[in-house]
Structures are given as C-alpha cells and as structure tokens.
Amino acid sequence: MATDRAADAIDARILLALADDSRATTIKLADEVGASRNTVQARLNKWDQLGVLLPFDRRIAPAFLGYPLQAYVLTKVKQRLLTEVSAALTEVPEIVKVQGLSGGVDLLIQVVARDAEDLYRIAGRILSIRGVRRTRTSLVMRELVNYRLTQLIRRDNTPTPPQPPTQDGGGGRRQRMHGN
C-alpha cells in the first residue's frame, strides 16, 4: 500500500463501523457514520485501489483449515540470493507471511502446520532452499494479544479535550515565590 494520506474523521468512523460489522451494507455504514451513501462508497472504492483493506483470507483462522500449529522461522540468507529465496518461499503453501528484517536475522517467516511432524517437514523445506544459510524455528504457544487496530483509530481520531487554566488564572507559567 502506497499512500501519503492518513485516515480522517470520516474514514475513522467508517473503519470502526466495519470493525464492528464487516458485512454491513454501504447504506447501513452511511447511516451509522452520518455520511451519504456515495461518500461511503467512494471511500471504500478508494481504499480498494490503495490496498488499504486487506484481503478476506487474512481473516480465516488456519486451525479451521486443519493447521492448528503456528510458528515463526527466523532465517538468515545469502543477500545476493534474496530474490531467488523469496520466489522459492512462495512455493511453500504453509508459509503465510514473510517479512524482511534488519539486524541479525534477514527474514521472519510465519508458517502454519498440521502437527509437529508437519512443522519439521516445512522447516526442512525452508532450510533446503538455495541461498538459505540457517534457520531457527519458534512455535507459537498461544496468542496473548490478537491483531488489532481499532484502538489506534479511536486514539488518533478522538478530539483532545481543552486543558483547564493554570492556577495563576491565565495560560502562562506559574511563578514560584521565594520568601523567608
């Protein structure tokens, strides 16, 4: 997604309404956020063009598909072969996300697996890719904080209340009195 525009107050209201009911119609969203149907539809179309809204498959729980295990494979690669490694990783169906990192590890690979044996096979397949130097696999034991963004939408689009006046009655700096 390449956009130089941040969400405004109308965007925030639409996004929060969608977070509450992702299947809401455009008319229902318009009523809920106090905007015209055309405004809501135009925003949704623009978001589609910009890639603001992620694909539906991001919402499917892998366990429902028979992949209850999740793991992260931290991977060190030969930098000159990064493009080739990336292309090979797309051929592994159990890899759901790959991110390039800075620091001591080059790639963070998120995988799903049917069981421990399946995870072992997937990790071995990643390690066998030409250009992969070494891997370290960490199993997700449980999710402690679910993926979330509504708290950012609310925080960034909530008006800041006016500050009360200071003790000196004005907006100026309070002066200290020194005495004996």
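The values are calculated or read from the model by the stated rules, or taken from the named source; none is laboratory data. It should be emphasised that the depicted structure is a prediction, and the values quoted were computed from it without experimental measurement. A quick note on method: Cβ atoms are made from the backbone with ideal geometry, for glycine too, and the neighbour counts reach across all protein chains shown.
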Go through the residues of segment 59-76 one by one and say whether even a single one is within 14 Å of D11 (Cα to Cα) and either touching a residue at least 12 places away in the same chain (Cβ under 8 Å) or surrounded by 11 or more Cβ atoms within 10 Å (Cβ to Cβ) (or both). no
When you scan segment 6-21, do you find a residue that is loosely packed, with under 11 Cβ neighbours inside 10 Å, at pLDDT below 95, under 20 Å from the mean Cα position of the chain (by Cα) and of a type in the set (A, V, I, L, M), even just one? yes
Name the pairs: first residue in segment 36-47 and over 14 Å from A12 (Cα atoms) and assigned by TED's automatic domain parsing to the domain that holds L15, second residue loosely packed, with under 15 Cβ neighbours inside 10 Å and among the β-branched types (V, I, T), Cβ to Cβ under 6 Å, at least 6 apart or on different chains? R37/I27
Just to be sure before I move on: is R43 surrounded by fewer than 12 Cβ atoms within 10 Å (Cβ to Cβ) and either of a type in the set (D, E) or in a helix (DSSP H, G or I) (or both) in the structure I sent? no
Since V85 meets every condition but one in (1) assigned to a strand (DSSP E or B); (2) surrounded by 18 or more Cβ atoms within 10 Å (Cβ to Cβ), which condition does it not meet? (1)
Would you say T135 is over 30 Å from D20 (Cα atoms), β-branched (V, I, T) and either touching a strand residue (DSSP E or B) at 6+ places or on another chain (Cβ under 8 Å) or not assigned by TED's automatic domain parsing to the domain that holds L16 (or both)? yes
Are any of the residues in segment 90-105 at pLDDT 95 or above, surrounded by fewer than 16 Cβ atoms within 10 Å (Cβ to Cβ), among the basic types (K, R) and assigned by TED's automatic domain parsing to the domain that holds Y120? yes
Over segment 112-132, the set of residues part of a helix (DSSP H, G or I) and either touching a residue at least 24 places away in the same chain (Cβ under 8 Å) or not aromatic (F, W, Y) (or both) is A116, E117, D118, L119, R121, I122, A123, G124, R125, I126, L127
Within segment 133-146, track down each residue that is of a type outside the set (A, V, I, L, M, F, W, C) and in a loop (DSSP other than H, G, I, E, B). R142, E143, N146
P165 fails exactly one of (1) at pLDDT below 95; (2) within 26 Å of L53 (Cα to Cα); (3) surrounded by 10 or more Cβ atoms within 10 Å (Cβ to Cβ), namely (2)
Give segment 8-35 a look and list any residue that's part of a helix (DSSP H, G or I), among the aliphatic types (A, V, I, L, M) and either without any contact (Cβ under 8 Å) to a residue 60 or more places away in the chain or more than 18 Å from I153 (Cα to Cα) (or both), or say none. I10, I14, A17, L18, I27, L29, A30, V33
